[in-house]
1. If you take the residues of region 1-55 that are open to solvent by 60 Å² or more (accessible area, probe 1.4 Å) and among the aromatic types (Phe, Trp, Tyr), which of them is nearest to the chain's Cα centre (by Cα)?
2. Could you list, ordered by first residue, the pairs with Cβ atoms under 6 Å in which the first is in region 153-176 and free of Cβ contacts under 8 Å to residues at least 24 places away in the same chain and the second is not in a helix (DSSP H, G or I), at least 6 apart or interchain?
3. Say we look at region 56-66 and pick out the residues that are farther than 30 Å from Asp21 by Cβ and in a strand (DSSP E or B); which of these is farthest from the chain's Cα centre (by Cα)?
4. Cβ-Cβ below 7 Å, separation at least six or inter-chain, first residue in region 34-61 and without any contact (Cβ under 8 Å) to a residue 40 or more places away in the chain and more than 18 Å from Ser5 (Cβ to Cβ), second open to solvent by less than 60 Å² (accessible area, probe 1.4 Å) and aromatic (Phe, Trp, Tyr): which pairs?
5. Could you tell me whether Thr105 is open to solvent by 30 Å² or more (accessible area, probe 1.4 Å), among the polar types (S, T, N, Q), without any contact (Cβ under 8 Å) to a residue 12 or more places away in the chain and farther than 30 Å from Ile120 by Cα?
6. Go through region 67-102 and count every residue that is closer than 23 Å to Glu159 by Cα, out of contact with any Ser or Thr (no Cβ under 9 Å at 6 or more places or on another chain), open to solvent by less than 70 Å² (accessible area, probe 1.4 Å) and in a strand (DSSP E or B).
7. Run down Asn13, Asn39 and say which single residue is part of a loop (DSSP other than H, G, I, E, B) and under 30 Å from Asp130 (Cα atoms).
8. Which residue pairs have Cβ atoms under 7 Å apart, sit 6 or more places apart or on different chains, and have a first residue in region 65-80 that is over 19 Å from Thr15 (Cβ atoms) and a second that is β-branched (Val, Ile, Thr)?
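The values are calculated or read from the model by the stated rules, or taken from the named source; none is laboratory data. In this text the structure is predicted, and so the values were computed from the model without any measurement. Quick reminder, even Gly has a Cβ in these numbers, built from the backbone with ideal geometry, and neighbours come from all protein chains shown. Note: areas computed on protein heavy atoms with side chains; ligands, DNA, RNA excluded. Shrake-Rupley method; radii C 1.70, N 1.55, O 1.52, S 1.80 Å.
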Amino acid sequence: MGLVSQGDILDLNFTVENQGDADLIIDKIEAYEHIQYNNTTLPLKILPKEKFELILTYNSAEHKLGDVREAVRIYCNDPTTNSFVIRIYGYIKDKEAPEISISPTGAILNLAPDSEEGAIGKFIIKNSGDETVKIISIKSSTDYLAPLRSELSLKSRKEQDLQVVLLKDKAREEVEENKTEEYLYLTIAIPIKINK
């Protein structure tokens, strides 16, 4: 399996080949509680010279951190051996929490009197974690700052631009002092799974 984050679910594919001249019948599969076989019903018949792709699903959610050394025993009607073993190795590490970074952490926009165009501030939002992060709402503290996106979905190890436009005409009407400070509000959705 290699290195696995706790909570990951992996599909492990194995090819079972009948190299004999009679039907190979698999009538029992013994596996640990973390391993399920989902793509077959028993007894399974494999014709001579045929192959079957056995898919084992490994759920690491309840497994403790550290080394994984498990085995799956498959029982069959092979005349030389009535069972064979598939060994599963790996290492389970802590699941990394999503990490969001925003750069720069602020912006300076200018109400230059000689320009009628809006000023644009640009931020880079990066997800350094292993899970997709959803920003479900992007709003401004004032109506003269307009974010160009209302939501974001940040995939693992990816980044996206977030731009905000200063509507200068509207800002000139509302800003009374030499400078003012406004904010962008980002609402992040945090999933909570509830098992019954």
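1. Tyr37
2. Pairs found: Ser153/Lys134.
3. So in region 56-66, the residues farther than 30 Å from Asp21 by Cβ come out as 57-66.
Right, trim to in a strand (DSSP E or B) and you get 57-59, 66.
On the way: Thr57: 17, Tyr58: 17, Asn59: 15, Gly66: 21 Å.
Applying the filter and picking the extreme gives Gly66.
4. Leu44/Phe52; Ile46/Phe52
5. Here the answer is no, as Thr105 does not meet what is asked.
6. 0
7. Working: Asn13 fails: part of a loop (DSSP other than H, G, I, E, B).
Answer to the check: Asn39.
8. The qualifying pairs are Leu65/Ile92; Gly66/Ile92; Val68/Ile88; Val68/Ile92; Glu70/Ile35; Glu70/Ile88.
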